[in-house]
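Some notes on the structure that comes next.
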Amino acid sequence: MRGAGALMACSATVRATPHEAAAGAPVPPLSSDDRSDAKAVDSQSALAARLKAGGVVIAFRHALAPGTFDPPGFKLDDCRTQRNLNDEGRAQAVRIGQWFRDHRLIPAQVRSSPWCRCLDTAGLAFGAESVVSWPALGSPRGTSEQAYPDYQERLRKAAAQRRVTGGFEVWVTHMFVIQDLVGQGIGSAEALLLRGDPRASERRSAMAVLGHWRLPPV
């Protein structure tokens, strides 16, 4: 069962999305804007403009959950056995959602790791009813060695497919997942703005980092 303040079951059913179903769709040629994306922009207004332009993913590390790893023997379907958001982390998640509302930004989809701290971050920010639990975003510290590389590939394909479908989607995941995707770590409640490029020869370069999102000052 979920602990106090929990928002949704960690064992939520994973639904196939239109982006995954259309994974074989052609990817449009790189535009001049795509080729200039190596110069990341981090200002709040510039990041909001990138999201409005669409074709991107904004990948969040979950909000503050004190500690380093989950306790031994933790269970995904029992939040009491996991590291969870503290009061500061819950407040951070609410502020994430407020930033998107202030900028009138509505994600095409919100997907989260099945871990409770990620589901709660996503739910507090965007509403629990809008969150889809996706094992591909799960922590490697609870994912089999055989499944994890496949999950990383699914993330790269989903980011590339978002370029085709337009709009933007939100991912809420873990530091290790983001670091393995792009070779860059971020703090709690921070995010990287990503655009997929299936033409890239190196796996990490298949994700262009367009910007680094941080909570605005209170």
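FYI, it's all coordinate maths here, none of it is from the lab. These figures come from a predicted structure and were not determined experimentally. Here Cβ is always computed from backbone atoms with ideal geometry, including for glycine, and neighbour counts include all displayed protein chains.
Remark on GLY55: its backbone amide H falls under 5 Å from those of GLY166, GLY167, PHE168, a criterion applied only to residues 5 or more positions apart or on other chains, H modelled at 1.01 Å from N. Label 7 Å along Cα→Cβ of GLU88; the stretch 146-178 residues with amide nitrogen under 18 Å? Answer for the stretch 146-178: 175. The distance between label points at SER130 and HIS103 comes to 1.4 nm (points 7 Å beyond Cα on the Cα→Cβ vector). Were the residues from ARG141 through SER43 laid out at 0.36 nm apart, the gain over their Cα-Cα distance would be 32.0 nm. Dimensions of the stretch 62-132 based on its C-alpha atoms, expressed as ranges along the principal axes with the largest first, amount to 41, 23, 15 Å. Taking Cβ atoms as reference points and 12 Å as the exclusive limit, the residues near PRO71 contribute a net charge of +2, counting Lys and Arg as +1 and Asp and Glu as -1.
Set against the 2.2 N^0.38 Å expectation for a compact globular protein, the stretch 74-218 has a Cα radius of gyration ratio of 1.02.
On the basis of the beta-carbon distance and an R0 of 30 Å, PHE176 and ALA53 show a calculated FRET efficiency of 0.55. Along the stretch 67-75 the Karplus relation, 6.51 cos²θ - 1.76 cosθ + 1.60 evaluated at θ = phi - 60°, assigns HN-Hα couplings of x, 10, 10, 6, x, x, x, 4, 10 Hz to successive residues, with x for each Gly and Pro.
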